[in-house]
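The values are calculated or read from the model by the stated rules, or taken from the named source; none is laboratory data. On a predicted model such as this, the values are computed, not experimentally measured, just so you know. Counting neighbours? That spans all protein chains shown, and the Cβs are built from the backbone with ideal geometry, glycine included.
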Amino acid sequence: MGAGALVSSLLLKSARLGLSGLEGLYGVPAQVGGAIRMNAGTRFGEMAEALELVEIFHDGALHVYRPEELGFSYRHSALPAGAIVTRAKLRLREVGEEAVRAKIALVDAARKGQPKKKSAGCAFKNPAGDSAGRLIDQAGLKGLTVGRAMISHEHGNFIVNLGGATAREVYTLLRKVQGLLPLEVEWEIWGKLEAEEVGV
């Protein structure tokens, strides 16, 4: 399928067909290409587990890779710098619609504590043996805002858009948290951004 396909649409279609392998990505706001590049997922599964082949455009040509050649790990891939994912072939298992929907319901239940406002998913990678959300909560940073970007009151590892938040405001909030806690950003940031000069 094309890299521009929405993961959410793909998951709904696979559920109707009774094909398992994408349920762990339920609720992840991504297109297939972005989900591959950052190996998006949840504790229930990640994108790399559902891949058979990945086509990328790099150095003026198309190349096809098996997932084991792309260095996937927690929220990371070793795609070459500047490479663009164009298509992917998935490896899904036929288990029946009822089984797929049961797993989706399990993932959905685990997401109940996550914010309903718009966000780009978890902002920071979980440190080994700990939770970024717990550390942010413990530091009293829930509700911290920059412009229209805010650390969610519901879950500390989400930066929510209060309406009209800019990329610079979100980036500034990320950097403010990193100035207080040793956390690594979950997202891959493209382009050049500079944090605003604002105090905590």
Subject >> Considering residues of segment 1-19 that are surrounded by 13 or more Cβ atoms within 10 Å (Cβ to Cβ) and among the hydroxyl-bearing types (Ser, Thr, Tyr) only, the residue nearest to the chain's Cα centre (by Cα) >> reply: Ser8
Original post:
Within segment 78-132, how many residues turn out to be among the aliphatic types (A, V, I, L, M), at pLDDT below 90 and in contact with an Asp or Glu (Cβ under 9 Å, 6 or more places away or on another chain)?
Top reply: 4
Original post:
Does any residue of segment 111-131 turn out to be part of a helix (DSSP H, G or I), more than 26 Å from Ala3 (Cα to Cα) and charged (D, E, K, R)?
Top reply: no
Original post:
Any idea which of Ala123, Ala109 is within 19 Å of the chain's Cα centre (by Cα) and either more than 30 Å from Ser14 (Cα to Cα) or loosely packed, with under 13 Cβ neighbours inside 10 Å (or both)?
Top reply: Ala109
Original post:
Val64 fails exactly one of the following numbered conditions: (1) under 23 Å from Ser8 (Cα atoms); (2) in the same structural domain as Leu25 (by TED's automatic domain parsing); (3) β-branched (Val, Ile, Thr). What is the number of that condition?
Top reply: (1)
Original post:
What is the one condition in (1) touching a residue at least 40 places away in the same chain (Cβ under 8 Å); (2) under 17 Å from Gly24 (Cα atoms) that Ile136 does not satisfy?
Top reply: (2)
Original post:
Has segment 175-187 got any residue that is within 18 Å of the chain's Cα centre (by Cα) and assigned to a helix (DSSP H, G or I)?
Top reply: no
Original post:
Given the conditions (1) in contact with a Lys or Arg (Cβ under 9 Å, 6 or more places away or on another chain); (2) assigned to a strand (DSSP E or B), which single one is not true for Thr86?
Top reply: (1)
Original post:
If the Cβ limit is 7 Å and pairs must be 6+ apart or interchain, which residue in segment 78-103 that is assigned by TED's automatic domain parsing to the domain that holds Ala61 and free of Cβ contacts under 8 Å to residues at least 12 places away in the same chain pairs with which residue that is of a type outside the set (Lys, Arg) and surrounded by 12 or more Cβ atoms within 10 Å (Cβ to Cβ)?
Top reply: Ala78/Leu70; Ala78/Gly71
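Quick check on my filter: what residues within segment 20-44 are farther than 14 Å from Cys122 by Cα, not in a loop (DSSP other than H, G, I, E, B) and not β-branched (Val, Ile, Thr)? Can you show your working first?
Step one: of segment 20-44, the residues farther than 14 Å from Cys122 by Cα are 20-24, 31-34, 36-37, 44.
Those still in the list that are not in a loop (DSSP other than H, G, I, E, B) too: 20, 23-24, 31-34, 36-37.
The answer is Ser20, Glu23, Gly24, Gln31, Gly33, Gly34, Arg37.
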**OP:** Might you let me know whether segment 90-99 holds any residue that is outside any strand (DSSP E or B), under 26 Å from Ile159 (Cβ atoms) and not polar (S, T, N, Q)?
**Re:** no
